[in-house]
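Reading through the C-alpha cells given below for one structure.
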Amino acid sequence: MTESIPVRIFPDRTEASRTLALELAALIRTINESGRPAVLGLATGRTPLPFYGELIRLHREGQLSFAKVITFNLDEYLGLPGNHPESYRAFMRRELFDHVDIPAENLNIPDGMVPPEALEAHCAAYEELIRAAGGIDFQLLGIGRTGHIGFNEPGSPRGSRTRKVELDPITRQDAAPAFGGLENVPEYAISMGCGTILEARRIALLAWGAAKADIVKEALTGPVTDQVSASFLQEHQDATFYLDAEAGSKL
Ligand code: F6R
C-alpha cells in the first residue's frame, strides 16, 4: 500500500460506526469543555446510517449531547422541497435530528428550492455561515462510485466552493431505486465544494461493501486529481478512511 491517508479496516460497518461514534462523542465533549460549540459537517446517503444509529444510541444512553453542536450538511438536491422524503433535509430529520437534542436553529442544509436568481447568493451565504461558526471541526464523508465527496463530480476543482452542480449519470443511476426510477432523480444539486470540505480540521470518510472497493483504492493510492475528488484527501492533514473488510478488500 502506498497511500498517505490513514486507513482503518473493521470486520463490519457496525464496528466501524461504533468506533467513530465514540471518537466523535469525545471530540464534541472536548470542544464543548473548551467553551464553544462543536461544528460538524454531515453527509447523507446509505453509508452514514449505522453511524447515525450509534450517535442516537450514545445520546439515549446519556453519553452524548448535541445541545452545543452546529451542523452543516454537504449537499441538497435542487428542486426538492424540504418535506420531500428524498430531500436531504427530510433524511437528516428522520435519521438523526429528530432523535437527539440538537437545537433547530443550529442545523444548516442548503435550500433545494432556492430560486435560480438567488442561488449564487444562497451558496455564498452558506460559506459565510460556516466561516462565522468558526469553520468545521469534523467533516463526515461518504464516497460515490465516481469518487465524489459531497456532490463534487469528476472535474470539480480542488478550490471549488458551495455551488450548483450537475449530477453524474452514475450518481443518478445509484439514486434511482430510492426515487422509484431514474426519471425522478434530480439532475442538479447544491454542494459544498472540494475547497470547503478540505478546510475542515478533521475528516472521516466511511465506505462499506464491495461496490466501493475499486474507488476507495483509487482515491487512496491513485494520483491526486480532480477526476476523483476524494483523492484530494491525500493532501489533508487529518483525514482517515473507515472501511469495512469488503470496501478495503482491494488495498
Ligand atoms: C451525501 C453525499 C455523497 C454520498 C455518496 C455515497 O451527502 O454527499 O457524497 O456520501 O454519494 O452515497 P451512499 O452512502 O448512498 O453510497
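Summary of computed values
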{"read-out": "Test: residue in the stretch 51-69 that is touching a Gly at 6+ places or on another chain (Cβ under 9 Å) and either within 14 Å of the ligand (Cβ to nearest atom) or within 21 Å of Thr196 (Cβ to Cβ) (or both)", "value": "no"}
{"read-out": "Any hit, the stretch 228-238, residues being over 17 Å from the mean Cα position of the chain (by Cα), surrounded by fewer than 15 Cβ atoms within 10 Å (Cβ to Cβ) and within 27 Å of Val7 (Cα to Cα)", "value": "yes"}
{"read-out": "Extreme residue, nearest to Ala21 (Cα to Cα), among residues of the stretch 123-168 that are assigned to a loop (DSSP other than H, G, I, E, B) and of a type in the set (A, V, I, L, M)", "value": "Ile136"}
{"read-out": "Positions within the stretch 193-227 being assigned to a loop (DSSP other than H, G, I, E, B), over 15 Å from the mean Cα position of the chain (by Cα) and over 30 Å from Glu120 (Cα atoms), in sequence order", "value": "Gly209, Gly222, Pro223"}
{"read-out": "Matching residues, the stretch 165-192, being more than 10 Å from the ligand (Cβ to nearest atom), touching a residue at least 12 places away in the same chain (Cβ under 8 Å) and over 28 Å from Lys250 (Cα atoms)", "value": "Val165, Glu166, Phe179, Val185, Pro186, Glu187, Tyr188, Ile190"}
{"read-out": "Scope the stretch 133-157; condition farther than 20 Å from Asp244 by Cβ and of a type in the set (D, E, K, R); matching residues", "value": "Asp137, Glu153"}
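Each reported figure results from applying straightforward, stated rules to the coordinates on display, with no laboratory input. None of the values given here were measured: they were computed from a predicted structure. Please note: Cβ atoms are built from the backbone with ideal geometry, for glycine as well, and neighbour counts cover all protein chains shown.
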